[in-house]
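Report on the structure given below.
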Amino acid sequence: MFRANWGNDMNNQCDSALASSSIANLYSASTDIRMAHIAAGLKKRRAASRRLRIYGIAAILTALGFLFILLTTIISNGYTALQQTEIAVSIEIPAEEIIDDSGAIDIEKSRNFNWGGLVKRSFRKNFPEVTGMLDQRSLGELLSANAGYDLRMQIEKTGIVEAGTQIYWVKASDDVDMLMKGRTDRKIDEKMRRIKNNQLVWFDKIVADGSIRLAFNSTFFTAADSREPESAGVLGAVVGSAMALVVTVILALPLAVMAAVYLEYFAPPGRLTDFIEVNVNNLAAVPSIVFGLLGLAVFLGFFGMPRSAPLVGGMVLALMTLPTIIIATRASIRAVPTSIRDAALGLGASPMQTALDHVLPLAAPGILTGTIIGIAQALGETAPLIMIGMVAFIVDVPSSFTDPATALPVQIFIWSDSAERAFYERSSLAIMVLLLFLISMNLTAVLLRRKFEKKW
């Protein structure tokens, strides 16, 4: 061991001596030699700078390439969900069964009327050759299971029941919708696809008659979730996410600002303050599912708050977002020159007046930016909301903060896990909606920072 260490020390001493002798020789050399040596060093440095620049550009291009692939995949899978296949059906509505004595539509009678049976019977009239019970059932599967409900909504919306046979456009089933959009391979074996050979024959007849079309899928933006893909929408999830984010902002922003002001200006230096600062920084890196478990144990288990409610979801997201906003607020406060604070204190302002009237207004752009970024992060969270029950199947749009609801990321999770391919298509479109919200919020943060930011 001694010999090895001695040998290493001797080698280091020799290298140092050689380097010293080289430097000495360089200084003793002529000016041309020294300049040539300097030029060679500068050349190596420039080459290293160019390589670093190339590596940086390559990294950026690689990231942009992956982002392009991601967006292209999502858009190519989701843009077709903006259209919904509809089939024209000649229907004669028995007005005497759904109108009252005044001639207006009786809502109670309309709800009790068998609209689904009426639509299927009218649709089967176009195929008189289909007489078997199983074939008739298979023929009826070309229409949406909610076709009767859609027809009822059309009639109640207009408030008019026209006499005689009229043509109404009703939604086709998700299988027909996928076939119409070219997402079903007709050439594969019948056992490998959801739509059968006899249904393909009927579909071709409908196409030949011009009784089928692709219309704008307004249901996707005006309805809540449904078991049937053609009737499913994101309105309930969007409203649930908006309510949860409102609760998050109301709870997280004031608490974060007050905590940041206290830690920056009023907290006495010591172990307790250091402990708080370390834990705030650590909480910002805690996995989101931990906050979901906390909400499940405290808000639902201990306090007995309503399950699947936006109120509980907002409280959980507020706990998760609070450390991020605190860190951003402290950074914004530190960016304000100390001369502002000293001048206010010198003129007789109290520390609280200095913080509220002078420091916080100047730090507001950074605080708002950090808040928006934290809220945007909370908007994309799924795990904590799943833990508190917002993964439930909700068919109604929530009207209050305590109503059962789901969130947009959770809705995407539910649809992507469904067996129907039409749900996969709609989940891609829902991802596009979520990305649009996230881009809008981040763009808002950038604009606010540029508009209100002061240069010192």
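All told, residue 260 meets the bar of being touching a residue at least 40 places away in the same chain (Cβ under 8 Å), in a helix (DSSP H, G or I) and touching a Lys or Arg at 6+ places or on another chain (Cβ under 7 Å).
Conditions (1) under 21 Å from residue 172 (Cα atoms); (2) at pLDDT 90 or above, marked per residue:
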{"residue": "60", "(1), (2)": "no, yes"}
{"residue": "74", "(1), (2)": "no, yes"}
{"residue": "80", "(1), (2)": "yes, yes"}
{"residue": "85", "(1), (2)": "yes, yes"}
{"residue": "88", "(1), (2)": "yes, yes"}
{"residue": "94", "(1), (2)": "no, no"}
{"residue": "99", "(1), (2)": "no, no"}
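Of everything listed in (1) outside any helix (DSSP H, G or I); (2) closer than 30 Å to residue 439 by Cβ; (3) not acidic (Asp, Glu), the single unmet condition for residue 80 is (1). Based on what the data block shows, is residue 354 closer than 26 Å to residue 451 by Cβ and surrounded by 22 or more Cβ atoms within 10 Å (Cβ to Cβ)? Here the answer is no, as residue 354 does not meet what is asked. The residue that is surrounded by the fewest Cβ atoms within 10 Å (Cβ to Cβ), among those in segment 342-351 that are in a helix (DSSP H, G or I) and free of Cβ contacts under 8 Å to residues at least 60 places away in the same chain, is 346.
When residues in segment 117-136 are screened for being part of a loop (DSSP other than H, G, I, E, B) and among the β-branched types (Val, Ile, Thr), 2 of them pass.
Residues are listed down the side, and each one gets a yes or a no for (1) closer than 18 Å to residue 93 by Cα; (2) over 38 Å from the mean Cα position of the chain (by Cα):
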position	(1), (2)
119	yes, no
135	no, yes
166	yes, yes
185	no, no
215	no, no
223	no, no
226	no, no
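Among the criteria (1) touching a Phe, Trp or Tyr at 6+ places or on another chain (Cβ under 8 Å); (2) under 22 Å from residue 332 (Cβ atoms), the one residue 441 does not fulfil is (1). If residue 408 satisfies every condition in (1) farther than 29 Å from residue 364 by Cβ; (2) surrounded by 18 or more Cβ atoms within 10 Å (Cβ to Cβ); (3) of a type outside the set (D, E, K, R) but one, which is the exception? The failed condition is (1). Scan segment 184-202 and tell me whether some residue there is over 30 Å from residue 405 (Cβ atoms), of a type in the set (A, V, I, L, M) and touching an Asp or Glu at 6+ places or on another chain (Cβ under 8 Å). Looking through segment 184-202, at least one residue is over 30 Å from residue 405 (Cβ atoms), of a type in the set (A, V, I, L, M) and touching an Asp or Glu at 6+ places or on another chain (Cβ under 8 Å). All told, residue 325 meets the bar of being closer than 27 Å to residue 437 by Cβ and assigned to a helix (DSSP H, G or I). Within segment 158-180, does at least one residue satisfy the condition of being more than 22 Å from residue 84 (Cβ to Cβ), in contact with a Ser or Thr (Cβ under 9 Å, 6 or more places away or on another chain) and at pLDDT below 90? Among the residues of segment 158-180, at least one is more than 22 Å from residue 84 (Cβ to Cβ), in contact with a Ser or Thr (Cβ under 9 Å, 6 or more places away or on another chain) and at pLDDT below 90, which makes the answer yes. When 255, 300 are screened for being assigned to a helix (DSSP H, G or I), closer than 27 Å to residue 362 by Cα and not β-branched (Val, Ile, Thr), only 255 passes.
Only residues that are part of a loop (DSSP other than H, G, I, E, B) and buried (at least 16 other Cβ atoms within 10 Å of the Cβ) were counted across segment 87-116, and they come to 3. If we scan segment 365-381, do we find a residue that is crowded, with 19+ Cβ neighbours inside 10 Å and in a loop (DSSP other than H, G, I, E, B)? Yes, because at least one residue in segment 365-381 is crowded, with 19+ Cβ neighbours inside 10 Å and in a loop (DSSP other than H, G, I, E, B). Of the helices (runs of 4 or more DSSP H) entirely within segment 155-246, those holding at least 3 residues that are in contact (Cβ under 8 Å) with a residue 40 or more places away in the chain, surrounded by 12 or more Cβ atoms within 10 Å (Cβ to Cβ) and in contact with a strand residue (DSSP E or B) (Cβ under 9 Å, 6 or more places away or on another chain) occupy 174-180. Looking across segment 411-456 at every residue that is outside any helix (DSSP H, G or I) and modelled with pLDDT of 80 or more, the one that is surrounded by the fewest Cβ atoms within 10 Å (Cβ to Cβ) is identified as 417.
The values are calculated or read from the model by the stated rules, or taken from the named source; none is laboratory data. All of these numbers come straight from a predicted model, not from anything done at the bench. Every residue, glycine as well, gets a Cβ built from its backbone with ideal geometry; the counts of neighbours run over all protein chains shown.
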